[in-house]
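These notes are about the structure you will find just below.
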Amino acid sequence: MDGTESKFPQNPPKKTQKIVLGVQIGLRILVIATALAATWVMLTSRQSTEIFGITFDARYSYSSTCKFFAFANAVACAFVLLSLLFVLFFCRQGPNPSNHYYLFLHDLFMMSLVLAGCAAATAEGFIGRYGNSHAGWTPICDHFGKFCNKMTTSVILSYLSLSFLLMLTIISASKSRQIQVSSSLI
């Protein structure tokens, strides 16, 4: 047991702590930027087209899936901004594994929310692009190409946000492992 404790020091050097803090801040800024961009692109995606003399509109607000996707990204963006303030506030107090545990839970919840939005939008985008012959749904992207391309861009940005949140979750989980259990609780 003594050999393992010597290999993994309890208090990492200050330089390592500053690098981890910088990576967390940078990743949180990237999550905010990509989630905000995904939300903005989805909220501004609309297209009108005329088929056989009848005008049809495609808007995100016509689909509950697209609404969920946009609001999931907006909520994640807002809460990650709050967590960025949390990280900046607690970096002045020094490293505390308990704070990393709370960040881990936060990042895990935000990652789950963005993942749900991405999955829903991907499924609807697939049906929009390729249709479903068994259900009798024809593809619409050949008529609403601009709308489908904006939706695809929004989903890609959201998947980038998801990957940054996954990295944050892994970092927070590894930092929260250092919580010391009190001997009175054992």
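Every number in this text was worked out from the coordinates using simple rules, so none of it is lab data. Note that the structure is a prediction, hence the values are computed from the model and not measured. Every residue, glycine as well, gets a Cβ built from its backbone with ideal geometry; the counts of neighbours run over all protein chains shown.
Report, by chain and number, residues whose modeled amide H sits under 5 Å from the one on GLY131, excluding near sequence neighbours (fewer than 5 apart, same chain).
Excluding prolines and chain starts, which carry no amide H, the hits are ILE140.
Just to be sure I understand the model, the point goes 7 Å from the Cα along the line to the Cβ. What's the resulting SER64 to SER98 distance in nm?
Inter-label distance under the simple model: 4.2 nm.
What distance in nm lies between label points placed 7 Å from Cα along the C-beta direction at LEU88 and VAL75?
2.5
Tell me, what ³J(HN,Hα) does each residue in region 65-78 have, in order and in whole Hz, if you take phi through Karplus 6.51 cos²θ - 1.76 cosθ + 1.60 with θ = phi - 60° and put x for Gly and Pro?
Coupling constants for region 65-78: 5, 5, 5, 4, 4, 5, 6, 5, 5, 5, 5, 4, 4, 5 Hz.
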